[in-house]
Amino acid sequence: MAQTITVNGTPMLVSDDISFPFWLESGSSISPEIPVSSISVLEFNIVPNNNGNDMVFNQVISVTSNSTVPEGKTWKVVSVLLENQWFEVENSNSSLFIPTNSSSTNIVMEAPVYDSLLMYVTFNASILPSGGSPITERGFCYSSTNEQPTVYDNITSSGMGAGSFEESFNPLEILEFSTDYFVRSYATSIEGITYSDVHSFTTTSQGLPEIGESYLGGIVFYIDATGEHGLVAATEDLGSYEWGCNNTSIIVANEVAIGSGYQNTLAIIAGCSETPVAASEALNASLNSYTDWYLPTRDELLEMYNIIGNGSADGNIGSFSISWYWSSTEYNTSGAWSVYLSSGNMGSKPKGNANRVRVIRAF
């Protein structure tokens, strides 16, 4: 008797028309038809990130009647059950999770790298040549409750094939704070699934930053009313540079308020062809893996002095020099606002002066 299931209202013979596994997006429907009693499905949550979407394993489902993939989910259909027997279509490219170890695969994982400053965790592993069957899926599985995590816990997939592979993501997006996690890599082939040794790491105690903390590449010196966004200053100076464009008016670079530094910096670059100058070096800066730095406004510099400079009750956390620092705020055609980060004094300095530069970035 033919093994039949219905996919989106269309009956299909699984022995002829479907190669396992196959995927169903949200809104799709599936149901078993006699003599198929159930369909085995792996459900994944679709989690948005800055680069698109991640798939995070959620649960194993046994579909026994007409079912629809929920919004925000995707289903990986792996097999059907017929009269108490698993029926699987043979497919050399199948990445079906088989709950047995494959002795022919050797997989090694390095200790996770958890960076509380950059707020990223990175997993690295390697599949060593073994002469066994081709690797059809590989990745990492992790859990906060299972000390021997499996692919039926949380997973992040890294494609297929042997060799080295890596996954890096922001723990703020998918992990709990102040939590111990267990992780190991996995690899599947038609012979089964192999796991590496288990490693562990612990996430930090809080997700939102506080003033003076190291966070996302710098030191927090300003947090807005939401408590979720603000500004960090780089941990060191870029050096000393001219402001540039002496005797040239860049009217749109005259904002002084907190939150206008990036706008000013872009305006300077658009109106000034000279390089290197403070603004150009700020935009070109690459510090602690971040490249979106810019020159602060006058008031942002003053905030740095008051919060993490010599004006702070906690002292000069930002390690500022006893020097004048450039802001991105123009004063007139021949001068720009500068702040003395030892005393908090501010004033206009000639654009041709070589003042210190400390860049900032927003989060």
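The values are calculated or read from the model by the stated rules, or taken from the named source; none is laboratory data. From a predicted model like this one, the values you see are computed outputs, not experimental measurements. Neighbour counts run over all protein chains shown; Cβ positions are idealised from the backbone, glycine included.
Can we say Asn332 is exposed (fewer than 15 other Cβ atoms within 10 Å of the Cβ), at negative phi, in contact (Cβ under 8 Å) with a residue 12 or more places away in the chain and of a type in the set (S, T, N, Q)? Working first, answer last.
Working: exposed (fewer than 15 other Cβ atoms within 10 Å of the Cβ): yes; at negative phi: yes; in contact (Cβ under 8 Å) with a residue 12 or more places away in the chain: yes; of a type in the set (S, T, N, Q): yes.
Judged against the criteria, Asn332 is a match.
With respect to the numbered conditions (1) surrounded by fewer than 18 Cβ atoms within 10 Å (Cβ to Cβ); (2) farther than 25 Å from Gly271 by Cα, which one is the sole condition not fulfilled by Pro350?
Among (1) surrounded by fewer than 18 Cβ atoms within 10 Å (Cβ to Cβ); (2) farther than 25 Å from Gly271 by Cα, Pro350 violates only (2).
Suppose we filter segment 38-79 for residues that are under 13 Å from Tyr152 (Cβ atoms) and β-branched (Val, Ile, Thr); how many remain?
5
Glu300 is checked against (1) under 32 Å from the mean Cα position of the chain (by Cα); (2) among the acidic types (Asp, Glu); (3) farther than 19 Å from Tyr222 by Cα and fails just one. What number does that condition carry?
The single condition Glu300 does not satisfy is (3).
Do we have any residue at all in segment 112-120 that's modelled with pLDDT under 85 and outside the structural domain of Gly159 (by TED's automatic domain parsing)?
From segment 112-120, those modelled with pLDDT under 85 are 114-120; that's our starting set.
In the following step, the residues that additionally are outside the structural domain of Gly159 (by TED's automatic domain parsing) were identified as none.
No: zero hits.
For Thr194, state whether it is assigned to a strand (DSSP E or B), more than 20 Å from the chain's Cα centre (by Cα) and either at pLDDT below 85 or assigned by TED's automatic domain parsing to the domain that holds Phe44 (or both).
No; evaluated as a whole, the condition is false for this residue.
Quick test of your reading of the structure: Asp54 fulfils all but one of (1) surrounded by 17 or more Cβ atoms within 10 Å (Cβ to Cβ); (2) at pLDDT 85 or above. Name the failing condition by number.
(2)
Give segment 247-263 a look and list any residue that's surrounded by fewer than 18 Cβ atoms within 10 Å (Cβ to Cβ) and assigned to a helix (DSSP H, G or I), or say none.
Ile251, Val252, Gln263, listed by residue number.
Out of Ser65, Ser31, Ser15, Ser19, I need the residue that is at pLDDT 85 or above and outside any strand (DSSP E or B). Which one? Step through it out loud before you land on a result.
Details: Ser31 fails: outside any strand (DSSP E or B); Ser15 fails: at pLDDT 85 or above; Ser19 fails: at pLDDT 85 or above.
Only one candidate passes the filter, namely Ser65.
Considering segment 290-313 alone, what residues qualify as being assigned to a loop (DSSP other than H, G, I, E, B) and buried (at least 17 other Cβ atoms within 10 Å of the Cβ)? Break it down stepwise before answering.
Here is the first cut: in segment 290-313, the residues assigned to a loop (DSSP other than H, G, I, E, B) are 291-293, 295-297, 309-313.
Correct list: Trp293, Leu295, Pro296, Thr297, Gly309, Asn310, Gly311, Ser312.
Would segment 287-299 turn up any residue that is acidic (Asp, Glu), under 20 Å from Ser260 (Cα atoms) and in the same structural domain as Val252 (by TED's automatic domain parsing)? Working first, answer last.
At the first step, the residues of segment 287-299 found to be acidic (Asp, Glu) are 292, 299.
Restricting the remaining residues to those that are under 20 Å from Ser260 (Cα atoms) gives 292, 299.
Keeping just the survivors that are in the same structural domain as Val252 (by TED's automatic domain parsing) gives 292, 299.
So far as segment 287-299 goes, yes, one or more of its residues are acidic (Asp, Glu), under 20 Å from Ser260 (Cα atoms) and in the same structural domain as Val252 (by TED's automatic domain parsing).
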